[in-house]
Amino acid sequence: MKLAEALQERADLNRNIEQLRSRLSNNVLVQERERPAEAPEALKRELDGALARLAYLIAAINRTNCETRMEDGKTLTELIAKKDALTLKLHLYKEIVRAGSQAAHRARNTEIKIVPTISVAAWQAEIDGMAKELRLLDNRLQATNWVTDLME
């Protein structure tokens, strides 16, 4: 199994686990003398199986990410950490630019004028550069995921 396939299965399992949680919640209480739409014990067994498979996949994915090195010597784990940090930085910078771009309208020239303390254009140019870097990094990770075997 390729790493990308394991990542897809992990995502599917997470969705399935959430659905099972919801279905269980909807079937643990019924009106007296009524039956649940689905058997809670069967749902519990299905949930336990999905959780066990998820734990296995998480361990295998983490092991693969830690041991797989790119051509520059960095592990997949290091690249994922870089991607996560860059994603957060990009989000924060966008918020700052949005705040600095707010136009304060004045009815008269006697009112206080609000001006940005940053160069919105310079920050936006930096954001554009980070977005490109993030896209390239993500493409590199995705390509590697499709050629890397999962270490089971």
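Since every read-out is calculated from the coordinates, none of them should be taken as a lab result. Since this is a predicted model, take the numbers as computed values, not measurements. Don't worry about glycine lacking a Cβ; one is built from the backbone with ideal geometry, like all the others, and counts go over all protein chains shown.
Structure notes:
- Rounded to the nearest 20 debye, dipole of the stretch 63-152 from Cβ charges on Lys, Arg, Asp, Glu: 600
- Taking other C-beta atoms within 10 Å as the exposure proxy, 117, 87 rank 117, 87 from fewest upward.
- About the Cα centre, charge dipole magnitude for the stretch 1-50 (Lys/Arg +1, Asp/Glu -1 at Cβ), debye: 40
- Charge dipole (Cα centre; +1 on Lys/Arg Cβ, -1 on Asp/Glu Cβ; no other charges) of the chain amounts to roughly 640 debye.
- Direction-averaged projected area, Cα convex hull, the stretch 1-67: 4.8 nm², rounded to one decimal.
- Reachable lysines, given that their alpha-carbon falls under 25 Å from the alpha-carbon of residue 82 and they are not under 8 places away in the same chain: 2, 74, 94, 132
- Net charge of the neighbourhood of residue 60, taken over other residues with C-beta under 12 Å away and scored Lys/Arg +1, Asp/Glu -1, is -1.
- Each of 86, 103, 118 was scored by the projection of its Cα onto the charge dipole of the chain, and the greatest displacement toward the positive side belongs to 103; charges sit on the C-beta of Lys, Arg, Asp and Glu.
- Around residue 88: net Lys/Arg minus Asp/Glu count, Cβ-Cβ under 13 Å: +2
- Positive-end residue, the chain charge dipole about Cα centroid, Cβ charges, pick of 50, 146, 127: 127
- Over the residues of the chain, the helix contribution to mean residue ellipticity at 222 nm works out to -25000 deg cm²/dmol, using -39500 (n - 2.57) for each DSSP H run of at least 4.
- If R0 equals 22 Å, the separation of the Cβ atoms of residue 117 and residue 88 corresponds to a calculated FRET efficiency of about 0.50.
- 15 Å beta-carbon shell around residue 42, net charge (K/R +1, D/E -1): +1
- Label selected from [x] 20.0; [y] 15.9; [z] 17.3, the criterion being Kirkwood radius over Cα pairs in Å as computed here: [x]
- Least to most buried among 123, 146 (fewest other Cβ within 10 Å first): 146, 123
- Kirkwood analysis of the stretch 70-152, using all unique Cα-Cα pairs, places the hydrodynamic radius at 15.7 Å.
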